[in-house]
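These notes are about the structure you will find just below.
What follows draws every value from the coordinates through simple rules; no lab data is involved. The structure presented is a predicted model; accordingly, all values stated were derived computationally and were not measured. Neighbour counts run over all protein chains shown; Cβ positions are idealised from the backbone, glycine included.
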Amino acid sequence: MKYLHIHRAPLGVSLQDGGRKGYLRYGVSAAGPMDWARHAMVNHMLAKDLQAAAIEVGPAGVALSVQEGEMQLSFAGPGFTLQIDNKNFSGPMRLMLKAGQTLELIPRAGAMWAYLGVQGDFDLPPLLGSYAENSVSGLYVNKLSAGSRLAVSAKPVKKPAVQMYVDPYIAFEDQPLGMMPSSQFESFLPEVRESLVSKPVAIAPRFDRMAYQLSGVRLECGKGHDILSDGVTMGAVQIPGDGRPFILMADHQPTGGYPKIACICKADLPRIAQMAPGKLFTLQWITRDQGLERWISMKKQIETLTALRGI
């Protein structure tokens, strides 16, 4: 057994796996990673199940060390610098952390979410079949903060100790994000639907793991903003009474009573999650088939992640 010691974890550091599935009908949201793609990448780099638990790091960064021996880790997170022994790296990468070394993830301007994978398994009992922490409901198996210690049943390392990889999302950074009509789409007039894609929007300063509010647009629902609560999902674009849209994220509530005009396609959810407040981007309407094609393509790229070079 080996141990990771958390030295600094100001805000937003948690354990996340693929999410707590099958409990939404009981009022328990899935949680899981904000950026499913980078979460999958760190697991792929260690030849693990893409849904396996990893450490999610929020905009304030983290510092940790291994208490004895060495441990192979993996890292992915746009906008973060990984620092070990005063050497700086930008991911994605696989690396070896040795006893006496401190690994820091340092956020640069606009950084949002990063992920650290571990070679082996966390020695913790799952809660309702999952390791995922939900910041809203308070469900967690190990609350990570300064002084926390994570036991890891490490496995033998067979791959080269340090390896750099290519982030497949880099090629899509400036392209419009796709969204599909949602359950109350028809309640919005055509000109309202068009206004959501006719000019750039941005993430407002009001954001967390539950939802991101959009700035730069206000939408009016022709049939009113109060509806019978129905099921919601990550990526749903809800319109409250003030007309300011917000996008539901990983810790979203099980049901919602505001009309939903759209849902961000799964392939583009990582790009939304990594949008810093104030950064302009554009949305576009796409079909369900187009959204499915995007997701299949991105999943294949992650499963065949390209190694760039060794160090």
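Using C-alpha pairs below 8 Å separated by at least 6 residues, the relative contact order for the chain is 21 percent.
A protection proxy built from the mean count of other Cβ atoms within 10 Å ranks the segments 270-283, 35-48, most packed first, as 35-48, 270-283. Please work out the Kirkwood hydrodynamic radius for region 2-165, using every pair of different C-alpha atoms, and report it in angstroms with one decimal place. That comes to 15.7 Å for region 2-165.
Got the relative contact order for region 2-165 handy, in percent, Cα pairs under 8 Å and 6 or more residues apart? Write out the running numbers ahead of the final one.
Numbers: 423 pairs, mean separation 52.3, N = 164.
Over region 2-165, the number comes to 32 percent.
Applied to region 105-116, the Karplus parametrisation 6.51 cos²θ - 1.76 cosθ + 1.60 on θ = phi - 60° returns per-residue 3J(HN,Hα) values of 9, 10, x, 8, 4, x, 5, 10, 9, 9, 9, 10 Hz, with x for Gly and Pro. Against the main long axis of the alpha-carbon atoms of the chain, helix 36-45 sits at an angle near 20°. Structural descriptor for region 91-202: relative contact order 34 percent, calculated from alpha carbon pairs under 8 angstrom and at least 6 residues apart.
For region 134-256, state the average projected area of the convex hull of the C-alpha atoms over all orientations, rounded to one decimal in nm².
On the way: hull surface 48.2 nm².
If I average the Cα hull's projected area over directions, I get 12.0 nm².
Once backbone amide H atoms are built at 1.01 Å from N, GLY120 has LYS155 as its partners under 5 Å, excluding neighbours fewer than 5 places away on the same chain.
Report the equivalent ellipsoid semi-axes for region 15-79 in whole Å, largest first, defined as the square roots of five times the eigenvalues of the gyration tensor built from alpha carbon atoms.
Values: eigenvalues 117, 39, 32 Å².
Equivalent ellipsoid of region 15-79: 24, 14, 13 Å, largest first.
Counting 0.36 nm for each residue step from ASP123 to GLU173 and taking away their Cα separation leaves a gain of 14.3 nm.
Out of (i) 1.09; (ii) 1.25; (iii) 1.01, which label holds the value of Cα Rg over 2.2 N^0.38 Å that was computed here? Only one listed value fits the structure, namely (iii).
Between the helical axis of 288-303 and the dominant principal axis of the chain, each derived from Cα atoms, what acute angle in degrees is found, rounded to the nearest 10? Helix 288-303 and the main axis of the chain meet at about 10 degrees.
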